[in-house]
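The values are calculated or read from the model by the stated rules, or taken from the named source; none is laboratory data. Every value quoted in this text rests on a predicted model; they were computed, and no experiment measured them. Glycine also receives a Cβ, built like all others from the backbone with ideal geometry; neighbour counts cover every protein chain displayed.
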């Protein structure tokens, strides 16, 4: 009976994930809680205030920080902000009093792992610490999965290359072995060997003249008996003495090189060329035997391999990027659900409403991430239909206004009566424009001190094209961000962004034969201008225009 397979043991928890920084201004709490944590297997560092805690964090880099929310000087909220700005993956748990519930909710919005209330119960603290360790383990496993994916890509690529090489070698060996078996029979077999080789075979004299060629050579390259050896090499005609036969005559050595050959019909193809010197009794090179193999198929396979490698690499990046984005959304969803649960427990409907609003926004963000991933993974052909610009704008604003209104941002729209009609694939262009609106809302939320904010939408056009503009008065962008804005997986929002939205928006505009321009300065907002032809035409590859 076969033995049952061994269970896969989970990777051991690194010692670094058990290093913890305890920050509290009360010495008694630091001493008692420090002993409790040490007994639980943690390496405990202690600090008496927020400034000391930040200094120790920068020096020791503990994986978990447990801090009192109220400390003199830099309090727990400020310490949380500073740590998350420098090390977003550090897990921070805050200690609160019964009257600090609003600060506790604020800490969750700032991506704190959890909070525990005084007096601290061992069971509650252990649950919070267990959650922090689980999040650390999840990120560690995600990094390991990403590295494994990269190694798999490299391994598979090397295996494909080796398989192609071995297949080509096997084919050549089989052909030559069969031919040499015939050659061993009689002299006439040598003629069959020369004529039946599955490559271009020719014999050249020392004056670089073709003296013989097999049928495949003559059928593809033409009747070249008596003509110059270099004539089939278009890239060697300006310097004929650098052709393979001439170099073999000069050096007296066999040579192998990749060349471009021109066929009798003018078509060009890549070839692997091998030349062998044939010497007379005096040891001088008398003739040169040249073998040339068409490697067009090998070149095509190389290109397919390169494309596959790029797609697999992009897939790995997408997995990493989307994982970080979804992780941030789940943190926000946790905060919303906590608000709703605590509101129900306390009989406070306004808190329930706030929690449901946060949860609803997080679900909408998940939906957008999934749609972006689907758009990236599978591109469908355009299905354009004619509609008025006003109809398109109405559908767009009906969705965009909801998010703007929810965040207290005014949305002002101006659709010119002369905008007219255009042919557009609404299913592709509408999500693209919504990505621009999402970007505008996020830019406004990143500059709360400059509120209240306004987003302006304009639609106009002339006889040839339609122009759609989305303008915000948010945080703006510098040149470095603006130049990379439409790159795949680039995001200026840190963990809150996947780097897919604006890339897909630009691709959608380009597929309609249009273009997208960006004007932005730090602190002065941004304007995205989309130009679309009245009739779509497939296009891609143009870089975004910036100003």
Residue tally, condition closer than 18 Å to residue 533 by Cβ and at pLDDT below 80, over the stretch 401-423
0
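Of the residues 426, 361, which is modelled with pLDDT under 85 and farther than 22 Å from residue 506 by Cα?
Values: 426 fails: farther than 22 Å from residue 506 by Cα.
Of the residues listed, the single one that is modelled with pLDDT under 85 and farther than 22 Å from residue 506 by Cα is 361.
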When residue 299 is run through (1) at pLDDT 75 or above; (2) in contact with a strand residue (DSSP E or B) (Cβ under 6 Å, 6 or more places away or on another chain), the failure sits at (1)
